[in-house]
Amino acid sequence: MKTLKLLPLVLVLSACQTMSVKSMQGETAYAINEKDATISMIDTATDRVVGIIPASGRLGDEINATVIDNDEQFLYVVDADAAELIKVDLATRQVANRLAIGEGVEGLDISPDGKTLVVCEEEATTVSFIDVASFSVTATLKVMGDAPEHCVYSPDGKWVVASQESSDSVDVIDAINPKIIRTLPAAGHPRGMGFTPDGTKLYVANESENVTEVWNTFDWTLLTTINTGERSNGVKVSSDGKRVYISGGKSYTVDVIDTDGDFVIKSIPVGERPWNMGLTSDDSKLYVANGRSHTISVIDTKKLEVIETIPVGKMPWGVYIP
């Protein structure tokens, strides 16, 4: 177990003296409460909320995607309504800085080396790159399509893919020298995306068509299309690359895909309007944000069943586990 994983929980302990040290043994899962503009901190050992970010008040107007830097000192979250990228000091759980970015920002990711952030600015129809050290925008690209929502780095950091829900397309962007190198046609309303750890395949959930597409990244050809839950949206790939989890926003399910044959091995019922998901580092638990249930479903990935339901804030958008 990495000591760094415990830092946020140790800090919370000072404000939660009634909690035993023994209970504070898991990783921290960060549940992003979109409408409350807060983040619930969940101890993955006990599956209980152990703290809230910020320590008091709200982070902004309406928050969405979240990432944490490689040193686990700062958390970054986007505010769509305010068109801001918010930097939060995890030691104090308070806002350290704010950066004006494009309108309607929703997607956010951090490069594998931890040096660069990328945001998808839906209403501005742009993708921007932010230098972590200086906390400043270094490049902004106009996308080929319309309404870029999710931005995802490839495992080697060479590419960023941006799903464009209003134009049914996915831009593949050179992340080193930012430019669009190709545009993939999507089945319909592409949302969440995820690369396998070796970077050879890209999974794209298509909300309006209830399918997940599998792309070969060697030549960017479509390998197969998998029927998944109604209004497929969230995508989470296991760290060993053996499984991909797809949330079905209207079917209230999470589909489990075997990546060897690219077929669904089980559909797991969860809460209402499941969105984005997080996996523990050992792949043993999947945390699913249920937007309209205001809860997080915890799935045991061996049993493939829900083992806990955690109340959080209003309209959780997703779960992030560093």
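The values are calculated or read from the model by the stated rules, or taken from the named source; none is laboratory data. Keep in mind that what you see is a predicted model, and the values were worked out from it rather than measured. Positions of Cβ are backbone-derived with ideal geometry, glycine not excepted, and every protein chain shown enters the neighbour counts.
Table for the structure above
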{"read-out": "Where a residue in the stretch 202-230 is touching a residue at least 60 places away in the same chain (Cβ under 8 Å) and its partner, wherever it lies, is assigned to a strand (DSSP E or B) and surrounded by 14 or more Cβ atoms within 10 Å (Cβ to Cβ), with Cβ under 9 Å and at least six apart", "value": "Thr217/Trp159; Thr217/Val172; Thr217/Phe195; Thr217/Lys201; Thr217/Leu202"}
{"read-out": "The stretch 64-78 residues that are in contact (Cβ under 8 Å) with a residue 60 or more places away in the chain, paired with ones that are surrounded by fewer than 17 Cβ atoms within 10 Å (Cβ to Cβ) and outside any strand (DSSP E or B) (beta carbon under 7 Å, 6 or more apart)", "value": "Asp69/Gly114; Glu72/Leu4; Glu72/Leu7"}
{"read-out": "Filter result for Asp156 (surrounded by fewer than 19 Cβ atoms within 10 Å (Cβ to Cβ), under 26 Å from Asp240 (Cβ atoms) and either touching a residue at least 24 places away in the same chain (Cβ under 8 Å) or touching a Phe, Trp or Tyr at 6+ places or on another chain (Cβ under 9 Å) (or both))", "value": "yes"}
{"read-out": "Residue identified as at pLDDT 95 or above, among the β-branched types (Val, Ile, Thr) and touching a Leu at 6+ places or on another chain (Cβ under 9 Å) among Ile42, Ile68, Ile63", "value": "Ile68"}
{"read-out": "Residue list for the stretch 84-140, filter: surrounded by fewer than 16 Cβ atoms within 10 Å (Cβ to Cβ) and touching a helix residue (DSSP H, G or I) at 6+ places or on another chain (Cβ under 8 Å)", "value": "Ala91"}
{"read-out": "Per-region count, the stretch 254-305, residues part of a strand (DSSP E or B), among the basic types (Lys, Arg) and free of Cβ contacts under 8 Å to residues at least 40 places away in the same chain", "value": "1"}
{"read-out": "Residue under evaluation Ser239, criteria (1) in a strand (DSSP E or B); (2) under 18 Å from the mean Cα position of the chain (by Cα), criterion not met", "value": "(1)"}
{"read-out": "For Val10: the one exception among (1) modelled with pLDDT of 95 or more; (2) hydrophobic (A, V, I, L, M, F, W, C); (3) over 26 Å from Ser293 (Cα atoms)", "value": "(1)"}
{"read-out": "Failed condition for Glu103, given (1) free of Cβ contacts under 8 Å to residues at least 24 places away in the same chain; (2) assigned to a strand (DSSP E or B); (3) charged (D, E, K, R)", "value": "(2)"}
{"read-out": "Of residues in the stretch 179-193 being farther than 15 Å from Val152 by Cβ and not hydrophobic (A, V, I, L, M, F, W, C), the one surrounded by the most Cβ atoms within 10 Å (Cβ to Cβ)", "value": "His189"}
{"read-out": "Residue among Gly261, Gly234, Gly291 that alone is out of contact with any Ser or Thr (no Cβ under 8 Å at 6 or more places or on another chain) and closer than 22 Å to Lys201 by Cβ", "value": "Gly261"}
{"read-out": "Selection within the stretch 93-135 - closer than 21 Å to Asp61 by Cα and of a type in the set (Lys, Arg)", "value": "Arg93, Arg98"}
{"read-out": "Filtered residues of the stretch 106-136 (kept if closer than 16 Å to Leu75 by Cα, among the charged types (D, E, K, R), at pLDDT 95 or above and not in a loop (DSSP other than H, G, I, E, B))", "value": "Asp109, Asp131"}
{"read-out": "Search result, residues across the stretch 85-123 that are under 14 Å from Lys142 (Cα atoms) and aliphatic (A, V, I, L, M)", "value": "Ile101, Val105, Val118, Val119"}
